[in-house]
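Visitor: Pasting in a structure now, in structure tokens, and then I'll have a few things to ask.
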Amino acid sequence: MSGDGGPTPPSERVVGLDALRGFALLGILVVNVRLFSMPEVVLLNPTAYGDFTGANYWAWFAGHVLVEQKFITLFTLLFGGGIALFTRNRERRGDPVLGLHLRRSGLLVAFGLLHAYLLWYGDVLVAYGVTALWVVSARHETARRQAVLGLGLLVVPSATQVLSVLFADLSAFAQTWQPAEAALRTEVETYRSGWLAQMAHRVPTAFERQTAGYLASTGWRVSGSMLLGMALFEWGVLTNDRSRRFYRRLAAAGGVTGLAVVLAGVWYVEASNWTPAAGLLWRQFNYWGSLPLAGAYVALVMLYAQRRPDGVLTRTLAGTGRTAFSNYLLQSLLATWIFYGHGLRLFGRVTRFEALGIVAAIWVVQAALSMLWLRQFRFGPMEWLWRTLTYGERQPLRIQQE
């Protein structure tokens, strides 16, 4: 590792880890585009808005089974692994680990607040930054203990939701499950309006997600996944240090188990005809099925990176992953411009299938920009700013400055 007390230079990075981060970053847009382009309720109840037949149904089906929760889980696992890597390297150099980590996490919260309230309420940076403030305390625990604690935290919101079914006011939930047409129309009109008018929905929604939503669900899920990521990092799973046999077994077991659980959830809610009663429970199938399926994705990316470490796809994913922070915000900038009223005003006008075409176009733009940028620069622009503010001194940006 480099001895200048600064961040890890690109030459010392793990290609498989960066490729996995790029894979996760691109994948989350498949689900996030639904919130960018449609009323918020579609993540809870996809039948509540928009055409849900033919190609649009299959676009939802593929996204739900293969992507929803799986890629954000990957992203969170990698963030947890990043905490382990950051603190371990700083401790080896004798740096003030906790001070740097707390500053780094606080900056992430600040960036996330700007992102959530000025651009898009679906921000995850605030949750990551807040959770990282305490998850770091488990950095010296064994990987086994980190994994057990992580799984325990993941159980809490799931158990709470299942128990709440016994006492839930189904009539109240039914209004959340299927909002009134007037409420949906108001949200559509809001996001087809100018940037200031959008605040009427964005601000309270972001606040609710960062407070009640975080305490009830997001905080538990994020912290549990981060701890699992720290364990997987220590076990060498995220750094491509395990054997091809290990990754093949993980891909097979995780893929079969995850798909079986998620598909069972789809069968359950469809057999129940998408009723509010079924809506209280059906997402639990995806909640738990996403974990083994995310593990299968880790394995598949690592196997490919082992086989084609210098391949075009591996290098493209790795480049996107090295600029993941910048690309995450770029996704919001591009998508809000495409769908919101300060841009092309396509909110509520694009079908699920058409939205996938927009996702593919954004992928191409991001991959191309990432590779072009990294020809000249060590880090993405937001990565550079984050590092500079964390270390309190300007970090070298251009490659020739090394």
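The values are calculated or read from the model by the stated rules, or taken from the named source; none is laboratory data. Note that the structure is a prediction, hence the values are computed from the model and not measured. Note that we place each Cβ from the backbone using ideal geometry, even for glycine, and neighbour counts take in every protein chain shown.
Visitor: May I ask you to list the residues in the range 207-227 that are buried (at least 20 other Cβ atoms within 10 Å of the Cβ) and of a type in the set (Phe, Trp, Tyr)?
Guide: Once the filter is applied, which keeps residues that are buried (at least 20 other Cβ atoms within 10 Å of the Cβ) and of a type in the set (Phe, Trp, Tyr), the range 207-227 yields only Trp220.
Visitor: Condition (residue is more than 28 Å from Val237 (Cβ to Cβ), in contact (Cβ under 8 Å) with a residue 12 or more places away in the chain and not in a helix (DSSP H, G or I)) applied to the range 134-155: is it met by at least one residue?
Guide: For the range 134-155, residues more than 28 Å from Val237 (Cβ to Cβ), in contact (Cβ under 8 Å) with a residue 12 or more places away in the chain and not in a helix (DSSP H, G or I): absent.
Visitor: Kindly list, by first and then second residue, each pair from a residue in the range 292-313 that is within 16 Å of Asp18 (Cβ to Cβ) to a residue that is surrounded by fewer than 21 Cβ atoms within 10 Å (Cβ to Cβ) and of a type in the set (Gly, Ala, Ser), limited to pairs with Cβ atoms under 6 Å and residues at least 6 apart or on different chains.
Guide: From residues that are within 16 Å of Asp18 (Cβ to Cβ), the pairs are Leu300/Ala251.
Visitor: What number of residues within the range 95-133 are small (Gly, Ala, Ser), touching a residue at least 12 places away in the same chain (Cβ under 8 Å) and over 30 Å from Ala197 (Cβ atoms)?
Guide: Residues flagged as small (Gly, Ala, Ser), touching a residue at least 12 places away in the same chain (Cβ under 8 Å) and over 30 Å from Ala197 (Cβ atoms) within the range 95-133 amount to 3.
Visitor: A further question on this structure: Arg92: surrounded by fewer than 21 Cβ atoms within 10 Å (Cβ to Cβ), in a helix (DSSP H, G or I), in contact (Cβ under 8 Å) with a residue 60 or more places away in the chain and in contact with a Ser or Thr (Cβ under 6 Å, 6 or more places away or on another chain), yes or no?
Guide: Details: surrounded by fewer than 21 Cβ atoms within 10 Å (Cβ to Cβ): yes; in a helix (DSSP H, G or I): yes; in contact (Cβ under 8 Å) with a residue 60 or more places away in the chain: yes; in contact with a Ser or Thr (Cβ under 6 Å, 6 or more places away or on another chain): no.
No.
Visitor: Checking the condition surrounded by fewer than 20 Cβ atoms within 10 Å (Cβ to Cβ) and either of a type in the set (Val, Ile, Thr) or not in a helix (DSSP H, G or I) (or both), which residue from Ala168, Ala174 passes?
Guide: That would be Ala168, the only listed residue that is surrounded by fewer than 20 Cβ atoms within 10 Å (Cβ to Cβ) and either of a type in the set (Val, Ile, Thr) or not in a helix (DSSP H, G or I) (or both).
Visitor: So how many residues does the range 340-355 have that are crowded, with 17+ Cβ neighbours inside 10 Å and either of a type in the set (A, V, I, L, M, F, W, C) or at pLDDT below 95 (or both)?
Guide: Total satisfying the criteria: 4.
Visitor: Now a separate question. Condition test on Leu303, is it under 30 Å from Phe233 (Cβ atoms) and more than 21 Å from the chain's Cα centre (by Cα)? Reasoning before the result, please.
Guide: On the way: under 30 Å from Phe233 (Cβ atoms): yes; more than 21 Å from the chain's Cα centre (by Cα): yes.
It is true that Leu303 is under 30 Å from Phe233 (Cβ atoms) and more than 21 Å from the chain's Cα centre (by Cα).
This table checks each residue for (1) buried (at least 23 other Cβ atoms within 10 Å of the Cβ); (2) more than 23 Å from Ala110 (Cα to Cα); (3) of a type in the set (Ser, Thr, Tyr); (4) out of contact with any Phe, Trp or Tyr (no Cβ under 8 Å at 6 or more places or on another chain).
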site	(1), (2), (3), (4)
Gly295	yes, yes, no, yes
Val301	yes, yes, no, no
Tyr304	no, yes, yes, yes
Asp310	no, yes, no, yes
Leu333	no, no, no, yes
Trp337	no, no, no, yes
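Visitor: Another one. Cβ-Cβ below 6 Å, separation at least six or inter-chain, first residue in the range 44-61 and surrounded by fewer than 16 Cβ atoms within 10 Å (Cβ to Cβ), second modelled with pLDDT of 95 or more: which pairs?
Guide: Asp51/Thr351; Ala55/Phe353
Visitor: Out of the residues in the range 335-363 that are part of a helix (DSSP H, G or I) and not hydrophobic (A, V, I, L, M, F, W, C), state the one that is nearest to the chain's Cα centre (by Cα).
Guide: Initially, the range 335-363 is screened for residues part of a helix (DSSP H, G or I), giving 335-339, 352-363.
This time we only want the ones that are not hydrophobic (A, V, I, L, M, F, W, C), so: 336, 352, 354, 357.
Working: Thr336: 18, Arg352: 20, Glu354: 22, Gly357: 20 Å.
Per the stated criteria, the residue is Thr336.
Visitor: Please find, among Ser290, Ser332, Ser326, the residue that is in contact with a Ser or Thr (Cβ under 6 Å, 6 or more places away or on another chain) and part of a helix (DSSP H, G or I).
Guide: Ser290
Visitor: Tally the residues that are within 30 Å of Ala19 (Cβ to Cβ) and without any contact (Cβ under 8 Å) to a residue 24 or more places away in the chain, restricting the search to the range 190-238.
Guide: 1
Visitor: Something else about it: Go over the candidates Thr320, Thr314 one by one and state the one that is closer than 28 Å to Leu113 by Cα and β-branched (Val, Ile, Thr).
Guide: Thr320
To keep it simple, each residue is scored yes or no on (1) assigned to a helix (DSSP H, G or I); (2) in contact with a strand residue (DSSP E or B) (Cβ under 6 Å, 6 or more places away or on another chain); (3) buried (at least 23 other Cβ atoms within 10 Å of the Cβ).
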| site | (1), (2), (3) |
| --- | --- |
| Ala197 | yes, no, no |
| Arg202 | yes, no, no |
| Thr205 | yes, no, no |
| Gly229 | yes, no, yes |
| Gly236 | no, no, no |
| Asn240 | no, no, no |
| Leu250 | yes, no, no |
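Visitor: Find the residue count for the range 166-187, including only residues that are touching a residue at least 40 places away in the same chain (Cβ under 8 Å) and under 21 Å from Thr47 (Cα atoms).
Guide: 9
Visitor: Could you look through the range 369-383, keep only residues that are in a helix (DSSP H, G or I), touching a Ser or Thr at 6+ places or on another chain (Cβ under 9 Å) and hydrophobic (A, V, I, L, M, F, W, C), and pick out the one that is surrounded by the most Cβ atoms within 10 Å (Cβ to Cβ)?
Guide: This residue is Leu374.
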